[in-house]
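Chemist: Handing you this structure, nothing more for now.
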C-alpha cells in the first residue's frame with residue numbers, strides 16, 4: 001500500500017515576503033492614506049482654511065511635508081524596537097526565530113492598521129462630512145475613545161484610549177501567527193510569546209505616555 005507522504009518543507013506565507021518589500025508596502029500604504037486624509041479631510045476644515053490665509057499657513061505645509069518624509073524613519077525605529085522585543089521573547093522561550101524573521105512578523109502585522117485608516121477616511125467623506133480638526137484627530141474606529149466624549153477627556157488620555165482598539169488586538173493575533181509560522185510551534189505558543197513580551201511593553205508605553213504628557 002502506498003503511503004501518502006506529506007512534505008516536511010515549510011509552507012509559504014505572506015510572512016515570507018522579503019523584508020524590503022514589506023517595508024516599502026507599509027510605508028507606501030501609510031503615505032497614500034496620509035495624503036488622502038490631509039488633502040480631502042483635514043485641509044477642508046474651516047480651521048485649516050483660516051490658518052492657510054494667515055502666516056501660519058506656511059508652517060502647516062512644512063509640518064505636512066515633515067510628516068510625509070518622516071514615515072520611513074518612524075517605521076524603521078518602531079520595527080527595530082518591536083522586532084527586538086519579540087525576538088527576545090522567542091529566544092527566552094527557546095524558539096529558533098531570527099531577528100530578521102521578527103522584522104517580518106512586525107511589518108506584516110502592521111498592515112492591519114490600514115483598515116482603521118481607511119474606515120476613518122470613509123467616515124469623514126461619507127458620514128460626518130463637516131468635522132472640525134479636533135473631531136478628526138479624536139476619532140478612531142472601534143477604540144475605547146468611542147465610549148467617551150473627547151471634549152471631556154483629558155488630553156493625555158486621547159492617545160491611549162485611541163490606541164486600545166480592536167485592531168491592536170488583531171495586531172497581537174497576527175504577530176502570534178507570525179511567531180507560529182517561523183518557530184514551527186503551535187499557535188498557542190506563538191500567542192503566549194506575544195502576550196508575555198509585546199503586550200506588557202505596549203501597556204507600559206501607554207502608561208509612560210500618560211505620565212510624561214504635557
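For every residue, the table says whether it meets (1) in contact with a strand residue (DSSP E or B) (Cβ under 9 Å, 6 or more places away or on another chain); (2) surrounded by 12 or more Cβ atoms within 10 Å (Cβ to Cβ); (3) more than 20 Å from residue 122 (Cα to Cα); (4) at pLDDT below 90.
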position	(1), (2), (3), (4)
7	no, no, yes, yes
20	no, no, yes, no
35	no, yes, no, no
55	no, no, yes, yes
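Chemist: Right, something else. Does region 150-172 contain any residue that is touching a strand residue (DSSP E or B) at 6+ places or on another chain (Cβ under 9 Å), farther than 30 Å from residue 18 by Cβ and assigned to a helix (DSSP H, G or I)? It would help to see each step written out before you state the result.
Modeler: Within region 150-172, the subset touching a strand residue (DSSP E or B) at 6+ places or on another chain (Cβ under 9 Å) is 161-168.
Pick out the ones that are also farther than 30 Å from residue 18 by Cβ and you get 161-162, 164.
Filter again for assigned to a helix (DSSP H, G or I), leaving 161-162.
Checked against the condition, which is being touching a strand residue (DSSP E or B) at 6+ places or on another chain (Cβ under 9 Å), farther than 30 Å from residue 18 by Cβ and assigned to a helix (DSSP H, G or I), region 150-172 yields at least one hit.
Chemist: Yes or no: region 189-200 includes at least one residue that is in contact with a helix residue (DSSP H, G or I) (Cβ under 6 Å, 6 or more places away or on another chain), surrounded by 16 or more Cβ atoms within 10 Å (Cβ to Cβ), at pLDDT below 95 and not in a loop (DSSP other than H, G, I, E, B).
Modeler: There is no residue in region 189-200 that is in contact with a helix residue (DSSP H, G or I) (Cβ under 6 Å, 6 or more places away or on another chain), surrounded by 16 or more Cβ atoms within 10 Å (Cβ to Cβ), at pLDDT below 95 and not in a loop (DSSP other than H, G, I, E, B).
Chemist: Give all pairs with beta carbons closer than 6 Å in which a residue from region 175-197 that is touching a residue at least 12 places away in the same chain (Cβ under 8 Å) meets a residue that is outside any helix (DSSP H, G or I); count only pairs at least 6 apart in sequence or on separate chains.
Modeler: These pairs meet every condition: 181/13; 182/97; 183/95; 183/97.
Chemist: Being more than 28 Å from residue 14 (Cα to Cα), modelled with pLDDT under 95 and touching a helix residue (DSSP H, G or I) at 6+ places or on another chain (Cβ under 7 Å): is that true of residue 146 here?
Modeler: Working: more than 28 Å from residue 14 (Cα to Cα): yes; modelled with pLDDT under 95: yes; touching a helix residue (DSSP H, G or I) at 6+ places or on another chain (Cβ under 7 Å): no.
So residue 146 fails the test.
Chemist: Looking only at region 105-143, count every residue that is loosely packed, with under 14 Cβ neighbours inside 10 Å, without any contact (Cβ under 8 Å) to a residue 60 or more places away in the chain and either in contact with a helix residue (DSSP H, G or I) (Cβ under 6 Å, 6 or more places away or on another chain) or not in a helix (DSSP H, G or I) (or both) and tell me the total.
Modeler: Count: 3.
Chemist: Additional query: So residue 90 clears everything in (1) surrounded by 18 or more Cβ atoms within 10 Å (Cβ to Cβ); (2) part of a helix (DSSP H, G or I); (3) within 21 Å of the chain's Cα centre (by Cα) except one condition, right? Which one?
Modeler: Checking residue 90 against (1) surrounded by 18 or more Cβ atoms within 10 Å (Cβ to Cβ); (2) part of a helix (DSSP H, G or I); (3) within 21 Å of the chain's Cα centre (by Cα), the one that fails is (3).
The values are calculated or read from the model by the stated rules, or taken from the named source; none is laboratory data. A quick note: this is a predicted structure, and the numbers were derived from the prediction, not measured. Using ideal geometry, Cβ is built from the backbone for each residue, glycine included, and neighbour counts are taken over all protein chains shown.
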